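Only one structure is covered here, and it is reproduced in the block below.
The values are calculated or read from the model by the stated rules, or taken from the named source; none is laboratory data. None of these values were measured; they are calculated from a predicted model. Note that we place each Cβ from the backbone using ideal geometry, even for glycine, and neighbour counts take in every protein chain shown. To get the accessible areas, we keep the full protein, side chains included, count just its heavy atoms, and leave off ligands, DNA and RNA. Shrake-Rupley method; radii C 1.70, N 1.55, O 1.52, S 1.80 Å.
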Amino acid sequence: EDGLFVAYACGFYDGKKENLFYLTDYLNSEDMLMKMLAELLIPKYNNYTIYVHNLSKFDLHFIFKLLTLNYKVSNILSKNGSIISLVVSNKKKNCSFKIRFRDSLSILPSSLKELATSFKVPVAKGVFPYSFVNKNNLNYVGDIPDFKYFDNLTLEEYNDYSSKWGGGKMWSLESETKKYCMLDCVVLHRILVKF
């Protein structure tokens, strides 16, 4: 939006439960991110380490300000000027926790797709039309987006992906975003379990 990235979906996976959030269900991006943080930063996950692939160069830009305004942020570790680890805590009555966020890319410097192959993770990394998404089409349902919207995808891979949408089946941006987001979470979880 206006040349800036705006979060329109987010989620996390704790090994059992999928937690997904999509912008159209919230007032704005900040509201959506705060809801996700409220469900993630709870006593149930006390002393957990939350791994985020490319935390320092992408995801942290969306949540750092929200974390510092609403929680105690400490033990910040950086490498080459980028934050690769931090601890978030809360000491409110009946809501005490201390959770570490770590950038998994700093310990596994490869794409999730390459890591999934290397670690023989049975769930393959998905494909997604990144440049198709904008603030005006978040509710899009229709034909699969054109090949030009998919980055780092061969025409053969695009045709294989497209073949799943025959027979009048409609492609939904919300549904595909949620599926792609959760697939990233599950793939990273399974890689880290094997690591």
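Here are some notes:
Matching residues to (1) touching a helix residue (DSSP H, G or I) at 6+ places or on another chain (Cβ under 9 Å); (2) farther than 19 Å from Cys185 by Cα:
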residue: Asp59; (1), (2): no, no
residue: Asn75; (1), (2): no, yes
residue: Lys79; (1), (2): yes, yes
residue: Val87; (1), (2): no, yes
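- Scope segment 143-189; condition open to solvent by 50 Å² or more (accessible area, probe 1.4 Å) and small (Gly, Ala, Ser); matching residues: Ser163, Gly167, Gly168, Ser175
- In this entry, Ser74 is excluded by the filter for residues that are at pLDDT 95 or above, closer than 21 Å to Val6 by Cβ, surrounded by fewer than 17 Cβ atoms within 10 Å (Cβ to Cβ) and touching a strand residue (DSSP E or B) at 6+ places or on another chain (Cβ under 9 Å).
- When the residues of segment 85-113 are filtered to those that are within 14 Å of Phe195 (Cα to Cα) and outside any loop (DSSP other than H, G, I, E, B), the one that is least open to solvent (accessible area, probe 1.4 Å) is Ser104.
- Members of segment 124-141 that are of a type in the set (A, V, I, L, M, F, W, C) and within 18 Å of Leu153 (Cα to Cα): Ala124, Val127, Phe128, Phe132, Val133
- Matching residues, segment 1-33, being open to solvent by 50 Å² or more (accessible area, probe 1.4 Å) and of a type in the set (A, V, I, L, M): Leu4, Val6, Leu20, Leu27
- Of all the criteria given as (1) part of a loop (DSSP other than H, G, I, E, B); (2) farther than 17 Å from His189 by Cβ, the one not satisfied by Phe64 is (1).
- Summed over segment 114-142, residues that are touching a helix residue (DSSP H, G or I) at 6+ places or on another chain (Cβ under 8 Å), of a type in the set (Gly, Ala, Ser), closer than 30 Å to Asp2 by Cα and open to solvent by less than 30 Å² (accessible area, probe 1.4 Å) total 1.
- The numbered conditions (1) without any contact (Cβ under 8 Å) to a residue 12 or more places away in the chain; (2) open to solvent by 90 Å² or more (accessible area, probe 1.4 Å) are all true for Lys194 except (1).
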